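Peer 1: If you scroll down you'll find the structure; I have some questions about it.
Only the coordinates and a few stated rules stand behind these numbers; no lab work does. Just so we're clear, the structure is a prediction, and the values are computed from it rather than from any experiment. Every residue, glycine among them, receives a Cβ derived from its backbone with ideal geometry; neighbour counts consider all protein chains shown.
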Amino acid sequence: MSKPPVLVTGPMMPSVTERLHAEFEPYWMNELDDLEAFIAREGSRIEAICTGAHTGVRTERSLIARLPSLRIISNYGVGYDSIDLPEAGRRRIVVTNTPDVLTEEVADTTIGLLLMTVRELSRAESWLRAGQWAATGVDYPYTPSLRDRSIGLVGYGRIGKAIGRRLEAFGIPLSYYGRKPQPDVPYPFYNDLVAMAEDVDTLIAILPGGPATQNLIDARVLEALGPNGVFINMARGSVVDEAALKTALRNGTILAAGLDVFMNEPRIDTDLFTIPNLTLLPHVGSASLHTRTMMGNLTMDNLMAYKQRKPPLTPVPETPFKGW
């Protein structure tokens, strides 16, 4: 079987790289000296794109439009807001992602970030490593707790449900925000985010990025959350107004925040590093070897489905499979 040419938008984990070389004719966008010259020379041959949230190159309309043979964009990750879905749908290009395989890992990380933020665990470790315990002879100051909190889940899809299952074991009252109530969910439902923020003291964002959720967590929501409020973002950096969040943390509008995602990552706003009541992680929600290997396998399995002219395993709803 011939090897279809595939454009890879950036570095991939070794297992994906090995399979790409074995099964396809890959071209690595990050290694090209002149992308425009490459597209002019080879663009008409490219049948597939392999991409991901961390590769640093968006698949813009202008790129997709210049690849007339493109049939599939296989995305390494569950979020695919960097892909021009309307253009892909118009061209009957199938976009795939990697749902389910990362659900439990991201939910685990969310609980870890929540505990780190509320109990100030990172700050306590830094205090210890700096010798403050030995120097002062006193214990680290008492911290807030999860014991008296109520949590609102901003988004209640696969990962939101997995987070909810974990939080139920903590005995914490839960609510959720979405477009409409979901059947057989025992938590209170809100379609007004400000109203939910007023009724809880902790928000966990776990919903897709894109124009529909841009700056959803804004100054009004943070003010409604209040001075005991904690905000956790495991969604996309775009869902929160970062300027409003920085102001809310500095002036005490909310108590603390924990972020695993940012605008313009990995070149994030370094001003965030100066805010002591902000816990930061470098987008590691699914970043275990076990889970990333499963994500890589699914990314490649979707590409292999195209190569073998079989239905893709996980097409996104916006680009349903209608045949190759």
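Peer 1: For region 245-324 and region 117-150, what is the separation of their C-alpha centers, rounded to whole Å?
Peer 2: About 29 Å separates the Cα centre of region 245-324 from the one of region 117-150.
Peer 1: Quick one: net charge around SER69, please, counting Lys, Arg +1 and Asp, Glu -1 for every other residue with C-beta under 13 Å from its C-beta.
Peer 2: +2
Peer 1: Taking H as built 1.01 Å from N, whose amide H comes closer than 5 Å to the amide H of ILE46, not counting residues under 5 places away?
Peer 2: It is SER69, by chain and number.
Peer 1: Still on this structure, please answer the following. Of ARG123, ARG147, how do they rank once you tally other Cβ atoms within 10 Å and put the fewest first?
Peer 2: Exposure proxy ranking, most exposed first: ARG147, ARG123.
Peer 1: Let me ask you something else. Could you order the peptides 22-30, 292-300 from most to least packed, using the average number of other C-beta atoms within 10 Å per residue?
Peer 2: Ranked from most to least packed, the peptides come out as 292-300, 22-30.
Peer 1: Now a separate question. Out of all Cα-Cα pairs in region 103-280, roughly what percent, to the nearest whole number, are more than 31 Å apart?
Peer 2: Value for region 103-280: 14 percent of Cα pairs lie more than 31 Å apart.
Peer 1: Using 0.36 nm per residue, how much length does the chain from ASN228 to GLN308 gain when fully extended, once their Cα-Cα distance is taken away?
Peer 2: 23.3 nm
Peer 1: Between THR98 and residues 5 or more places away or on another chain, which pairs have amide H atoms under 5 Å apart, with H built 1.01 Å from N, and which residues are they?
Peer 2: GLY77, VAL78
Peer 1: How much net charge surrounds ASP218 when only other residues with a Cβ under 14 Å from its Cβ are counted (Lys, Arg +1; Asp, Glu -1)?
Peer 2: Taking every Cβ under 14 Å from that of ASP218, the sum is -2.
Peer 1: Next question. Just to be sure I follow the rule: in the chain, considering lysines 8 or more places apart or on different chains, how many pairs have Cα atoms under 28 Å apart?
Peer 2: Lysine pair count for the chain: 6.
Peer 1: What is the local net charge at ILE204, summed over the other residues whose Cβ is closer than 15 Å to its Cβ (Lys, Arg +1; Asp, Glu -1)?
Peer 2: Once all neighbours under 15 Å are counted, the net charge is +1.
Peer 1: In what sequence do LEU20, LEU289 fall when counting other Cβ within 10 Å, fewest first?
Peer 2: By the 10 Å Cβ count, ascending, the order reads LEU289, LEU20.
Peer 1: On each of the three principal axes of the Cα atoms of the chain, give max minus min coordinate, whole Å, ordered largest first.
Peer 2: The Cα atoms of the chain stretch 68, 49, 32 Å along their principal axes.
Peer 1: Another question, then. Collect residues whose amide H, placed 1.01 Å from N in the peptide plane, falls under 5 Å from the amide H of GLY52; neighbours closer than 5 in sequence don't count.
Peer 2: Placed amide hydrogens put TYR76 under 5 Å from GLY52.
Peer 1: So how do VAL185, VAL240, VAL101 line up by other beta-carbon neighbours within 10 Å, fewest first?
Peer 2: VAL185, VAL101, VAL240
Peer 1: Additional query: What list of ³J(HN,Hα) couplings, whole Hz, do you get for region 202-219 from phi and the Karplus terms 6.51, -1.76, 1.60, once you set θ to phi - 60° and write x for glycine and proline?
Peer 2: 9, 10, 10, 8, 8, 8, x, x, x, x, 5, 10, 4, 6, 4, 8, 10, 4
Peer 1: For the chain, what is the calculated [θ] at 222 nm in deg cm²/dmol (nearest 500), taking -39500 (n - 2.57) for each run of four or more DSSP H residues and dividing by its residue count?
Peer 2: -10000 deg cm²/dmol
Peer 1: If you don't mind, there's one more thing I want to ask. So what is the relative contact order for region 103-280, in percent, with contacts set as C-alpha pairs under 8 Å and at least six apart?
Peer 2: Answer for region 103-280 is 20 percent.
Peer 1: Working out 0.36 nm times the residue gap between LEU115 and GLU25, then minus their Cα-Cα distance, what length gain in nm do you get to one decimal?
Peer 2: Roughly 27.9 nm would be gained on extension.
Peer 1: If R0 is 45 Å, what FRET efficiency do you get for GLU87 and ALA135 from their C-beta distance, rounded to 0.05?
Peer 2: Given R0 = 45 Å and the Cβ-Cβ separation, E is 0.15.
Peer 1: With axes computed from alpha carbons, what is the tilt in degrees of helix 103-118 against the longest principal axis of the chain, rounded to the nearest 10 within 0 to 90?
Peer 2: So the inclination is approximately 30 degrees.
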